[in-house]
Amino acid sequence: NNPFLDKENEDIVKFFKEEVFQKENLDIHILSGDASTRRYFRVYSDDPNFQSVIIMVSGKENLQDIHSHIECYNFFKEIGFCIPELYEAVPDKGYLIEEDVGDTSLEVYMNSGGNSADFYKYYSRGIEQIVLLQNSFEYPEIVHSFSHSLPLRHRFTDKKFMEELNMFYNYFFMRYLNMDIPEREDIENVFYRLCDELLEQGLLPTHRDFHSRNLFLKSGELYVLDFQDARLGPPQYDLASLVYDPYIRLSESTRKRLIEEYKQKVYLRSFASFHKNFERMMELCAIQRLLKAIGTYSYMYLERHNSFYLQFIVNAIRDLETLMKGKKEFEIILSYLKEAAEKEWGR
């Protein structure tokens, strides 16, 4: 009765039992995965010498995914990031096998009433991981060794940011809500200015999807998953992803505390220009990130028939209202967001 089980998954399970592990007494469970086309499986055995593992299978249209994972894994491992061990990767067959870090994401932990004394500890550990990633630029030998590797080769561009913002406009305003917006050109101009300003402060390595559903707890440690889309981006990008997270809305005091912790530890703290523009850039990264998230949630519903993510749109809108309030350039978008909230969720 597993809704994720289909004929293709049955074939995948058979392949791993017979050809990869060559063991019949295996339990292979299909996991729900994330907002991508990747499939995830957990492999168990009643053999006490067999350690459970996770299999990631790429979508047929994206076998490059495995190569990306390997490249990013090597970089993150080199700088000391806490990520699952990679046991085997077979790019031509589109799968990899890695360490199983369990089911307790930071989101699950927070929503299940986890020990409040540990709450900030795990978020602080997340800040340490972001700082560790960005401070890797302090070490010329790392930059030189990985200069052609994916995390330092790929980068956010105004085109990439604009694609994500257009996804928000097309899938949320136009298709999900079927709104009539005569000022599309005006909104696009706001998007263009936002994209340009986001890139003004320079770029540093970013995870690109650093939020509570990609951070997992195992044996008191915080593991970072879903890192294969890493690229160079604005310094505040991952920080904004963590503290303006639609899955877990933090209090304003906790946000400020985490932001201050980041500012005290990142190597950019020695640059006056970093502090001068920090608040502005932090807010812009959060705005772009939240708009992108709403677009993704709408896309998942409309194209993938997955309604799970719709529940988080209202959290994103609440934070966007706070971030855009008093900023004249965002008035037009804010007015339509409020109209959307009224139409779909009421006050």
Mind listing whichever residues of region 177-194 are touching a helix residue (DSSP H, G or I) at 6+ places or on another chain (Cβ under 6 Å) and open to solvent by 70 Å² or more (accessible area, probe 1.4 Å)?
Asp186
So Ala316, is it aliphatic (A, V, I, L, M) and touching an Asp or Glu at 6+ places or on another chain (Cβ under 8 Å):
no
Just to verify a result, which residue in region 5-22, among those that are at pLDDT 80 or above and in a loop (DSSP other than H, G, I, E, B), is farthest from Met300 (Cα to Cα)?
Gln22
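Quick grid of which residues meet (1) in contact (Cβ under 8 Å) with a residue 40 or more places away in the chain; (2) of a type in the set (Ser, Thr, Tyr):
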site: Asn214; (1), (2): yes, no
site: Leu222; (1), (2): yes, no
site: Arg231; (1), (2): yes, no
site: Asp238; (1), (2): yes, no
site: Lys276; (1), (2): no, no
site: Glu283; (1), (2): yes, no
site: Tyr309; (1), (2): yes, yes
Restricting attention to region 125-141, does a residue exist that is of a type in the set (Gly, Ala, Ser), open to solvent by 20 Å² or more (accessible area, probe 1.4 Å) and modelled with pLDDT under 95?
no
Residues located in region 75-91, provided they are open to solvent by 70 Å² or more (accessible area, probe 1.4 Å), without any contact (Cβ under 8 Å) to a residue 60 or more places away in the chain and assigned to a helix (DSSP H, G or I)
Lys77
Residues located in region 92-119, provided they are exposed (fewer than 14 other Cβ atoms within 10 Å of the Cβ), within 20 Å of the chain's Cα centre (by Cα) and assigned to a helix (DSSP H, G or I)
Asn111
Go through region 41-83 and report how many residues are under 19 Å from the mean Cα position of the chain (by Cα), of a type in the set (Gly, Ala, Ser) and modelled with pLDDT of 90 or more.
1
So in region 210-233, with the set limited to residues that are modelled with pLDDT of 95 or more and among the polar types (S, T, N, Q), which one is farthest from Leu63 (Cα to Cα)?
Ser212
Somewhere in region 229-243, is a residue closer than 18 Å to Ile70 by Cα, assigned to a loop (DSSP other than H, G, I, E, B) and not polar (S, T, N, Q)?
yes
Would you please name the residue that is least open to solvent (accessible area, probe 1.4 Å), looking only at residues in region 260-285 that are in a helix (DSSP H, G or I) and more than 19 Å from Leu133 (Cβ to Cβ)?
Leu284
Which of the following residues is open to solvent by less than 20 Å² (accessible area, probe 1.4 Å) and among the basic types (Lys, Arg): Arg249, Arg255?
Arg255
Hits in region 289-331 (condition: over 30 Å from Arg38 (Cα atoms) and either in contact with a Ser or Thr (Cβ under 7 Å, 6 or more places away or on another chain) or open to solvent by less than 40 Å² (accessible area, probe 1.4 Å) (or both)):
Leu323, Met324, Lys327, Phe330
Of all residues in region 142-155, which are of a type in the set (Ser, Thr, Tyr) and either open to solvent by 80 Å² or more (accessible area, probe 1.4 Å) or assigned to a helix (DSSP H, G or I) (or both)?
Ser145
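The values are calculated or read from the model by the stated rules, or taken from the named source; none is laboratory data. Here the structure is a predicted model, which is why all the values come from computation and not from measurement. As a convention, Cβ positions derive from the backbone with ideal geometry for all residues, glycine included, and neighbour counts pool all protein chains shown. These area figures cover heavy atoms from the full protein model, side chains too; ligands, DNA and RNA do not enter into them. Shrake-Rupley method; radii C 1.70, N 1.55, O 1.52, S 1.80 Å.
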